[in-house]
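Asks: Below is one structure. I have some questions about it.
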Amino acid sequence: MDLHTHTTYSDGTGSIPENIAAAEQKGLRLLGISDHIHYLTTKSLNRYVREIRQWSESAELVVLAGVEANIMHGGVDITTDIAKKLDYVIASVHLWVETPEEHVELVKLALQDENVDVIGHFGASFPYTGYPSEEGLREILELAEANGKAFEISSRYKVPELDFIRKCIKRGIKLTFASDAHWPRSVGNVSWSEKVFRKAGGRKEDLLFSELL
């Protein structure tokens, strides 16, 4: 699977059919189109979802309609009305934060948002801000488990760390594979995600949407 890809509906360079074609060429079974929500208006969102549905009908794999929302200090910029039109919602921290504790508090907001399904590239900023405490990570895991949220394993940023992934699996927290592709040739580049998932002892049933694989 690759559940994190972008198209020309946001800051990607390829169209929806081009991303689908790239996924087919690489033998994927499940592709998610997840453009940045802040690029989409009400009108373009409807067109975006409609186009994904139309192209999925003739695709050789399952194609899901998603978005990547932003975790802000006031919460996630996703509404229930928008989420209902989609198959899933990724929420990611794109703000620059000064401390790992600030990052943890932002993620905790998303983990308590009923419209969010997946936390995107968790830990991508830690090399710059420092790593959260064990207590902070435990709070994140507990909230994810309690609220049924998933974490993506990002091949682009090579996060989260192996130990965090192992703890997700132990707690029954679902995981996804993500290229974070912004051009078609990168769609399906999830080999790092697959490698670390296997190393952590992951099995098919530990993946979100495993029933579609």
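The values are calculated or read from the model by the stated rules, or taken from the named source; none is laboratory data. No experiment lies behind these values; they were computed from the predicted model shown. As a convention, Cβ positions derive from the backbone with ideal geometry for all residues, glycine included, and neighbour counts pool all protein chains shown. These accessible areas exclude ligands, DNA and RNA; they are computed on the full protein's heavy atoms, side chains included. Shrake-Rupley method; radii C 1.70, N 1.55, O 1.52, S 1.80 Å.
Asks: Taking the stated definitions as given, is residue 205 among the acidic types (Asp, Glu) and closer than 27 Å to residue 20 by Cβ?
Replies: So residue 205 passes the test.
Asks: Residues to consider are 158, 204; find the one that is open to solvent by 10 Å² or more (accessible area, probe 1.4 Å) and at negative phi.
Replies: So the residue among 158, 204 that is open to solvent by 10 Å² or more (accessible area, probe 1.4 Å) and at negative phi is 204.
Asks: When you go through 152, 139, 145 one by one, which is the residue that is open to solvent by less than 80 Å² (accessible area, probe 1.4 Å), acidic (Asp, Glu) and under 19 Å from residue 88 (Cβ atoms)?
Replies: None of the others qualify; the one that does is 152.
Asks: Restricted to segment 52-98, and to residues that are among the small types (Gly, Ala, Ser) and within 25 Å of residue 128 (Cα to Cα), which residue is most open to solvent (accessible area, probe 1.4 Å)?
Replies: So the residue we want is 74.
Asks: Moving on. Residues to consider are 162, 175; find the one that is under 22 Å from residue 210 (Cα atoms) and within 13 Å of the chain's Cα centre (by Cα).
Replies: After ruling out the rest, the residue left standing is 175.
Asks: If you don't mind, another one. Here are 39, 48: which of them is under 26 Å from residue 125 (Cα atoms) and under 19 Å from the mean Cα position of the chain (by Cα)?
Replies: Selected residue: 39, the only one of 39, 48 that is under 26 Å from residue 125 (Cα atoms) and under 19 Å from the mean Cα position of the chain (by Cα).
Asks: Going by what's in this entry, would residue 13 be described as more than 25 Å from residue 190 (Cβ to Cβ) and either of a type outside the set (S, T, N, Q) or open to solvent by 20 Å² or more (accessible area, probe 1.4 Å) (or both)?
Replies: no
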